[in-house]
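Below: one structure, written as C-alpha cells.
The values are calculated or read from the model by the stated rules, or taken from the named source; none is laboratory data. If you're wondering where the values come from, they're calculated on a predicted model, not measured in any experiment. Note: ideal-geometry Cβ built from the backbone for every residue, glycine included; neighbour counts use all protein chains shown.
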Amino acid sequence: MHTSRQRALKMSPPEPHSSTSKDSDLIDDDHTMLAIAMGDGVAFRALFDRWKLPLLNFIYRSIGSHADAEDLTLMVFEQVWKSAPHYRAEGTFSAWLFAIARGKLKHEWRRRQRRIQPGTLEDIDPADPKASSSQAILEEEELLLAGLQTLPESQREALLMSVHSKMESREIAETLGVSSNHLYVLIHRAREQLKQFFEKHS
Amino acid sequence: MNTPDKQSGDDRIESALKREITHTSASLERRFEAMHLRLTRDIDGIAEQPQPRQKLWFLSQSVRTWSALAASLALVVGLWHFNTERQDVSPHDLHILEGSKILQNEDLLTLNQSLEPTLELFDDELLEFLIAVSYENIY
C-alpha cells in the first residue's frame, strides 16, 4: 500500500537545476539571511523552499536513509535560524549552508553506526512518466547508495557536493579545505571507483 | 579517447547521480511548519489546538527528532508513577511505552501508521498530562 509520504518521494531522471541566474540567487540568499536575522519567519520559509531539495538530496545520498535525511535537513534549517544573527556574507551562502550540513552529518556518523537503507520500490511513483522503468531505477539507486558507502569520506563529500550543492568548484574546494586541483582528483577518483563498483555488481 | 564501454559507464554514473528526490514528503513539510512556529516563538499554536490528541500530534510534529519525543514519552512513564504514587504498571503505562518503542524505531513510515492508533488508546486526562510533561521536557 502506498502512503502519501511514499507517493511524495519521487526520484527523477537527470534534470538541469533552475535557470535562475546564480548571481541573483546569491543576492537573494544574503538578503533573505538578513531578514531571518531580524526574525522574519516568511523569509525563513522562503529559504527552506529554495534549499530543501539540494540539502535533502545531499544528505540522503550521504547516509542512505530518507527518515534520517529529513531529520538532519530540519536540524540544518534550525541551525540556520539560530545562526542567522551571526551570518556574514563573506563567502557564498551555499558554502556556509553546506558547511552546516557537513557538521551535522559528521555528528550523525559519530552517533550512529553506518547503515544503508536503500529506497524501496514505493519510493518511486510508477505513474511518473519520467520513470520509464521503476524497477531498473530502484536497482540503480540501491547500487548507487551502496557504492557511495564504499567511498572514502573525502571522495564522497566532494562528489555529492559537486552534484547537489549548486556551488562552483572553487567554493566546494574552499568548503572542504582542499585545493581546486585536489578537489578534481577526489571527484575523479570517486567516479572511477563508483564505475568499477557498478561494473562489479551489475 | 574514450571507448564506448567507458563512455557508457560514465553516462550510467552521471545518470544515477543526477536522479534526485524531486519532492519533499508531507511529513517534512509538516515538521518544518511546526519547527517554524516554535522558532518564531509562536508556540502558542500548541495550546490553541482544541483537543488533547491534536495537541499531542502537533507537539510530536514540532520536536527536533523522533528520538527526542521517544525519550520524552519514556520519561512520562516515570513521572506518571511519581505523581500518582502508583507501584503497579497500568495499561496507560504500557500504551506510553508502546508509543515510545514505536518512536525509537525511527522509521517514519512505521511511525505514521502506528502512532495514531496508539494515541487512540489514551484518555483525555492522560493525554493532557503527557502533553504537559513532554512540552516541559522538549522546550
Q) Which residues, counting only those in the stretch A:57-76, are farther than 17 Å from residue A:93 by Cα, without any contact (Cβ under 8 Å) to a residue 60 or more places away in the chain and more than 7 Å from chain B (Cβ to nearest Cβ)? A) A:59, A:63, A:65, A:66, A:68, A:69, A:72
Q) Of the residues that make up the stretch A:97-120, is at least one under 16 Å from the mean Cα position of the chain (by Cα), assigned to a loop (DSSP other than H, G, I, E, B) and at pLDDT 75 or above? A) no
Q | Residue, farthest from the other protein chains (Cβ to nearest Cβ), within the stretch A:36-56, restricted to residues that are farther than 21 Å from residue A:99 by Cα and in a helix (DSSP H, G or I) | A | A:42
(Q) Is it the case, given these coordinates, that residue A:87 is aromatic (Phe, Trp, Tyr), under 27 Å from residue A:142 (Cβ atoms) and either facing chain B (nearest Cβ under 10 Å) or over 19 Å from the mean Cα position of the chain (by Cα) (or both)? (A) no
Q: Tally the residues that are crowded, with 20+ Cβ neighbours inside 10 Å, modelled with pLDDT under 90 and not acidic (Asp, Glu), restricting the search to the stretch A:37-68.
A: 5
